[in-house]
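Peer 1: What follows is a single structure, and I will ask about it in a moment.
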Amino acid sequence: MSPNSSLPKIHFISIGGSVMHNLAIELHLKGYIVTGSDDEIYEPSASRLAQYDLLPAVTGWFPEKITSDLQSVILGMHARQDNPELARARELGIKVYSYPEYIFEQSQSKQRVVIAGSHGKTTTTSMVLHVLKYNNRIFNYLVGAQIEGFDNMVKLSENAPVIIVEGDEYFTSPLDPTPKFMHYQPHIALISGIAWDHFNVFPTWESYVKQFELLADSLPKAGAIIFDETDDMLNVIGQKERPDVANIPYNVHPNKIENGKTILLTAEQGEVPVLIFGNHNMKNISGAKAVCERLGVTDEEFYNAIQTFKGASKRLELLGSSESMSVYRDFAHAPSKVEATTAALKEQFPNRQLVACAELHTFSSLNKAFLTQYRRKLKAADVAVIYYNPQTVEHKRLEALSEEDIRAAFKRDDLKIFTDASQLETFLKSLTWRNANLLLMSSGTFGDLDLKALSNAVLEV
């Protein structure tokens with residue numbers, strides 16, 4: 001550390017990442033001296049870093065930023081192994097952490113809860129945070145989406161007895177192929193479901209499933225694994241005998257739908273109306289409740305809080321509505337998510353026509369060998385639409401796709417397919433929207449379409 005300052009000095013390599021920039025902001029707010037570099041920074045990371053004067057003045061890598069007074073360097077997933085700043089840090093003998101390693105370092109004295117799974121982990125984590133905050137609990141957290149009522153996605157304080165972490169199964173850093181969630185060493189782990197995705201990272205179903213088994217097997221004595229028992233593979237992992245580790249299965253929370261509104265059915269609290277819907281969310285509620293019980297939250301405290309939970313950003317997010325229609329967007333991109341989200345909206349509004357539009361954007365979804373995983377996943381939609389950008393396929397160096405490939409993979413002859421965003425927009429605006437819902441599903445941007453403006457336009461049709 002600098003002789004002129006007792007404040008820790010931390011440098012971020014690849015500061016623009018979704019978790020990385022939030023961690024940088026949190027350390028800055030704690031009084032640390034924070035610097036960072038990146039070769040490209042997108043929104044909202046750029047604006048949020050600029051707000052705290054943490055946005056690098058120039059993009060790129062600058063080894064001269066790595067000085068001997070740094071306490072440590074935090075390495076982001078998107079930096080390469082030959083990064084010149086990383087080489088300089090090693091040369092100077094400065095401690096290099098991945099962000100999961102750093103989060104663990106900061107929370108060794110706390111009870112650690114990790115929420116994992118192929119789908120539902122962001123929403124379930126958000127539910128737990130919402131309930132704890134509603135009940136004035138002190139806690140730390142790391143979550144992958146913006147949540148109403150939380151300014152930052154990372155919180156690290158000295159006085160919190162517990163930390164809630166959304167943990168993913170993908171590689172920790174360019175130097176470390178260990179799944180991120182293994183570094184947190186949780187006392188409680190929730191796994192929300194296993195559905196194979198990221199074909200480029202886990203080329204086989206078996207290699208993907210193995211990551212979750214490793215997490216379950218890592219739990220310490222007096223630990224707990226909470227899992228969705230309706231997932232056959234996960235049920236095998238969850239029910240495995242582990243000495244002194246509690247197995248806590250959960251299922252769909254009992255509920256009913258009335259006039260497009262979901263109501264939880266509870267033994268002690270009676271009927272509890274909620275703002276979210278769909279089978280997956282009913283499972284997420286059960287999982288979140290099981291976590292909260294382990295943290296000492298009563299049933300009454302949980303149900304009082306969950307009534308006001310609006311969902312995580314871009315998770316079945318309502319963009320706009322009128323008396324006879326609604327527009328939703330969802331982060332869904334993997335086959336299981338596309339199917340669950342489409343089915344949830346149709347079940348919630350069975351008398352409305354459902355137009356479901358999915359963008360093929362990820363490496364897996366644009367891979368001809370993986371595309372068959374989407375077979376019949378849009379069956380709940382009355383009108384099924386696919387958008388993809390051929391330039392994205394080319395950029396990812398994948399084999400070109402034809403409309404016939406996509407139609408055959410989805411097993412739906414009436415599938416509408418667009419490769420031009422403006423044509424997609426024109427098509428959607430041309431439809432009759434009385435007594436109909438529009439669902440937009442993507443981890444991308446539909447070719448930079450202004451989805452809010454599109455929502456407003458179709459609501460006026």
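What follows draws every value from the coordinates through simple rules; no lab data is involved. What you see is a predicted model; the values in this text were computed from it and never measured. Backbone-built Cβ (ideal geometry, glycine too); neighbour counts: all protein chains shown.
Peer 1: Quick check on region 255-386: of the DSSP beta bridges with both residues there, what percent are antiparallel, nearest 5%?
Peer 2: Details: 13 of 17 bridges.
Close to 75 percent.
Peer 1: Cα to Cα, under 25 Å, and not fewer than 8 places away if on the same chain: which lysines meet these conditions relative to residue 65?
Peer 2: Candidates past the 8-residue exclusion: 9, 30, 95.
Peer 1: If you don't mind, there's one more thing I want to ask. State the extension gain, in nm to one decimal, for the chain segment bounded by residue 59 and residue 214, taking 0.36 nm per residue of separation less the distance between their alpha-carbons.
Peer 2: Difference between extended and current length: 52.0 nm.
Peer 1: Next question. Which value in nm describes the separation of the simple spin-label points at residue 221 and residue 50, placed 7 Å from the Cα toward the beta carbon?
Peer 2: 5.5 nm
Peer 1: Another question about this same structure. Would you please classify the overall shape of region 1-112 from the alpha carbon gyration tensor, given that a ≥ b ≥ c denote the square roots of the eigenvalues, rounded means a/c under 1.5, and beyond that prolate means a/b larger than b/c while oblate covers the rest?
Peer 2: Taking the square roots of the gyration eigenvalues as a ≥ b ≥ c, region 1-112 is rounded.
Peer 1: Please list, in chain and number order, the residues 5+ apart from residue 309 or on another chain whose amide H is under 5 Å from its amide H, with Hs placed from the backbone.
Peer 2: Correct list: 275.
Peer 1: Run the dipole for the chain about the Cα centre, Lys and Arg Cβ at +1, Asp and Glu Cβ at -1, nothing else charged, and hand back the magnitude in debye, nearest 20.
Peer 2: Rounded to the nearest 20 debye, it is 360 debye.
Peer 1: Pick out, from 34, 78, 60, the residue whose Cα sits farthest towards the positive end of the charge dipole of region 1-98, with +1 on the Cβ of Lys and Arg and -1 on the Cβ of Asp and Glu.
Peer 2: Result: 34.
Peer 1: Roughly how many debye, to the nearest 20, is the charge dipole of region 317-460 about its Cα centre, given +1 on each Lys and Arg Cβ, -1 on each Asp and Glu Cβ, and no other charges?
Peer 2: On the way: 18 positive and 19 negative charges, 94 e Å.
Computed charge dipole of region 317-460: roughly 440 debye.
Peer 1: Around residue 325, under 12 Å between beta carbons, what's the net of Lys plus Arg minus Asp minus Glu among the other residues?
Peer 2: 0
Peer 1: Kindly provide the helix-only [θ] at 222 nm of the chain, computed as the sum of -39,500 (n - 2.57) over DSSP H runs of four or more divided by all residues, to the nearest 500 deg cm²/dmol?
Peer 2: -9000 deg cm²/dmol
Peer 1: Taking the highest mean first, how do the peptides 104-115, 162-173 order by number of other beta carbon atoms within 10 angstrom per residue?
Peer 2: In descending order of packing, they fall as 162-173, 104-115.
Peer 1: Given 0.36 nm per residue, what is the gain on full extension from residue 69 to residue 178 after removing their alpha carbon distance, in nm?
Peer 2: 36.3 nm
Peer 1: Also, quick follow-up: Lys/Arg Cβ at +1, Asp/Glu Cβ at -1, dipole of the chain taken about the Cα centre: which of 251, 447, 387 is farthest positive-ward?
Peer 2: 251
Peer 1: So if R0 is 35 Å, what FRET efficiency would residue 403 and residue 457 give, r being the distance between their Cβ atoms, rounded to the nearest 0.05?
Peer 2: 0.85
Peer 1: If you take every DSSP beta bridge fully contained in region 107-306, what fraction is antiparallel? Give it as a percent rounded to 5.
Peer 2: Looking only at bridges with both residues in region 107-306, the antiparallel portion is about 40 percent.
Peer 1: Can you tell me the Rg and Dmax of region 107-306, counting just the alpha carbons, in angstroms?
Peer 2: 16.6, 52
Peer 1: Summing Lys, Arg as +1 and Asp, Glu as -1, what charge do residues with Cβ under 13 Å from the Cβ of residue 66 carry, residue 66 excluded?
Peer 2: Residues near residue 66 contribute +1 overall.
Peer 1: Taking the alpha-carbon centroid of each part, what is the distance from region 239-258 to region 342-372 in angstrom?
Peer 2: Computed from Cα coordinates, the inter-centre distance equals 27 Å.
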